[in-house]
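Data block below; observations after.
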Amino acid sequence: MAVFAASTSVMRGFGKLLSESLHPKFVKRFATGIPVSQDVEPAHLSHLTDTFGRQHTYLRISLTERCNLRCKYCMPADGVQLTPKNSLLTTKEILQLAELFVRQGVNKVRLTGGEPTVHRDIVHIVESLHKLKELDTIAITTNGLMLTRQLVELQKAGLNLLNISLDTLKPERFEQITRRKGWQRVIAGIDLAVQLGYTPKVNVVVMRGLNDDEILDFVQFTADRPIDVRFIEYMPFTGNSWDGNNMVPFREMLERIQTVYPGLHALDNKPNDTSKAYKVPGHRGQIGFITSMSNHFCGTCNRIRLMADGSLKVCLFGNTEISLRDALRNNCSEDDLLNMIGAAVRRKKRQHAGMFNLAQMPNRPMILIGG
């Protein structure tokens with residue numbers, strides 16, 4: 001069955017994008033209108049290439065389900081039932097699977113949670129990943145509470161990139177959103193990251209009626225800091241009370257900002273970027289928009305997720321998972337593991353469902369996925 005049926009003219013329009021994000025054999029056939037299923041030898045295709053030609057070079061690993069905050073969009077008000085400790089991946093298993101994925105072509109690993117900095121072996125894990133020569137980037141997404149204690153050591157261990165979640169610039173609202181104190185510690189963590197030479201990304205989940213009145217404040221936050229503030233459309237996950245009314249779409253956010261900053265201009269994006277980048281002239285930092293709901297970026301998705309319980313998730317919004325933990329503990333061979341992974345990747349859909357359909361689909365709470 002033909003997977004692609006695109007004309008040469010379409011390919012010319014998207015050639016640069018595709019050539020950098022898809023497997024070379026798929027690009028050649030796409031450009032000439034030849035179905036990619038013809039004359040493509042399976043031996044030449046990675047276990048991490050799906051049926052649409054997307055190469056998955058970015059692995060997100062959730063180290064733990066535990067977190068020291070209780071953010072409204074991430075965790076249900078009554079909490080979540082955590083996986084028993086003996087059913088979570090051990091540090092050894094995490095590193096074993098990470099190495100396997102890197103040998104298959106993964107060149108970027110992001111550590112998430114829960115909150116990854118509460119994992120007792122976080123520094124050891126970063127050090128071990130840093131020894132994998134094929135791995136270009138080791139990143140972390142954190143709430144920032146522990147950074148003033150840990151970041152210097154993490155940088156020495158080999159941490160390249162840093163994303164910090166901060167949904168408000170108001171201390172009292174921070175407690176409302178996270179159900180905990182700690183706003184000043186997060187700000188101190190951001191400033192330390194800048195001092196150490198990072199250009200941290202600050203993730204802001206925008207929720208209508210809760211923090212959307214701070215969009216312009218966050219733009220101003222980039223004026224004297226070399227940071228990348230990324231406005232994230234509110235996404236539906238189990239227990240986070242999402243509905244279409246409290247999701248502020250990208251276009252609305254952009255229009256609000258352009259009204260005050262008419263010089264705002266778009267920056268170039270790399271093919272696999274999830275954020276649409278913009279900059280205000282004269283500001284040290286920049287802003288971006290993650291538009292999963294109103295303008296998805298499934299076509300160039302290169303991400304797969306390994307959750308703390310060892311489940312592999314090939315789409316953030318998908319509810320189909322396979323357990324690599326069980327395979328490891330049942331002494332599956334490496335070939336069997338790779339075949340499992342390859343089968344899961346090949347089942348990945350062209351794109352996720354629309355936002356209202358997603359809201360009705362069973363999925364894990366965000367804290368059990370890791371974003």
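Output the residues belonging to segment 266-282 that are under 12 Å from Thr300 (Cβ atoms), surrounded by fewer than 16 Cβ atoms within 10 Å (Cβ to Cβ) and either aliphatic (A, V, I, L, M) or touching a residue at least 40 places away in the same chain (Cβ under 8 Å) (or both).
Lys270
When segment 205-219 is examined, which residues are found to be in contact with a helix residue (DSSP H, G or I) (Cβ under 9 Å, 6 or more places away or on another chain) and in a helix (DSSP H, G or I)?
Asp212, Glu214, Ile215, Leu216, Val219
Between residues in segment 192-210 that are over 12 Å from Gly285 (Cα atoms) and residues that are hydroxyl-bearing (Ser, Thr, Tyr), which pairs lie under 7 Å by C-beta distance while being six or more apart or on different chains?
That search, which allows pairs on different chains as well, returns Leu192/Thr148; Asn203/Ser165; Val205/Tyr73; Val205/Tyr234; Val206/Tyr234; Met207/Tyr73; Met207/Tyr234.
Among the residues of segment 59-77, is there at least one that is touching a Ser or Thr at 6+ places or on another chain (Cβ under 8 Å), at pLDDT 95 or above and among the acidic types (Asp, Glu)?
Checked against the condition, which is being touching a Ser or Thr at 6+ places or on another chain (Cβ under 8 Å), at pLDDT 95 or above and among the acidic types (Asp, Glu), segment 59-77 yields no hits at all.
Scan (1) out of contact with any strand residue (DSSP E or B) (no Cβ under 9 Å at 6 or more places or on another chain); (2) assigned to a helix (DSSP H, G or I); (3) buried (at least 17 other Cβ atoms within 10 Å of the Cβ) for the single condition Phe101 breaks and write down its number.
(1)
Return the only residue of Gly239, Gly197, Gly285, Gly263 being crowded, with 18+ Cβ neighbours inside 10 Å, small (Gly, Ala, Ser) and either in contact with a Lys or Arg (Cβ under 9 Å, 6 or more places away or on another chain) or modelled with pLDDT of 95 or more (or both).
Answer to the check: Gly285.
For Arg173, all conditions in the list (1) touching a helix residue (DSSP H, G or I) at 6+ places or on another chain (Cβ under 9 Å); (2) part of a loop (DSSP other than H, G, I, E, B); (3) of a type in the set (D, E, K, R); (4) touching a residue at least 12 places away in the same chain (Cβ under 8 Å) hold save one; what is the number of the exception?
Unmet for Arg173, out of (1) touching a helix residue (DSSP H, G or I) at 6+ places or on another chain (Cβ under 9 Å); (2) part of a loop (DSSP other than H, G, I, E, B); (3) of a type in the set (D, E, K, R); (4) touching a residue at least 12 places away in the same chain (Cβ under 8 Å): (2).
Out of segment 324-371, which residues are part of a loop (DSSP other than H, G, I, E, B), among the basic types (Lys, Arg) and modelled with pLDDT of 55 or more?
Correct list: Arg347, Lys348, Lys349, Arg350.
Cβ contacts < 8 Å: first residue assigned by TED's automatic domain parsing to the domain that holds Phe101 and charged (D, E, K, R), restricted to segment 121-150; second residue modelled with pLDDT of 95 or more and in a helix (DSSP H, G or I), any location; separation 6+ or different chain. Result?
Short answer, once both residue conditions are applied: Asp121/Thr91; Glu127/Ala157; Glu134/Val102; Glu134/Arg103.
Against the condition within 19 Å of the chain's Cα centre (by Cα), buried (at least 17 other Cβ atoms within 10 Å of the Cβ) and in a loop (DSSP other than H, G, I, E, B), how does Leu135 come out, does it pass?
yes
The values are calculated or read from the model by the stated rules, or taken from the named source; none is laboratory data. None of the values given here were measured: they were computed from a predicted structure. Glycine also receives a Cβ, built like all others from the backbone with ideal geometry; neighbour counts cover every protein chain displayed.
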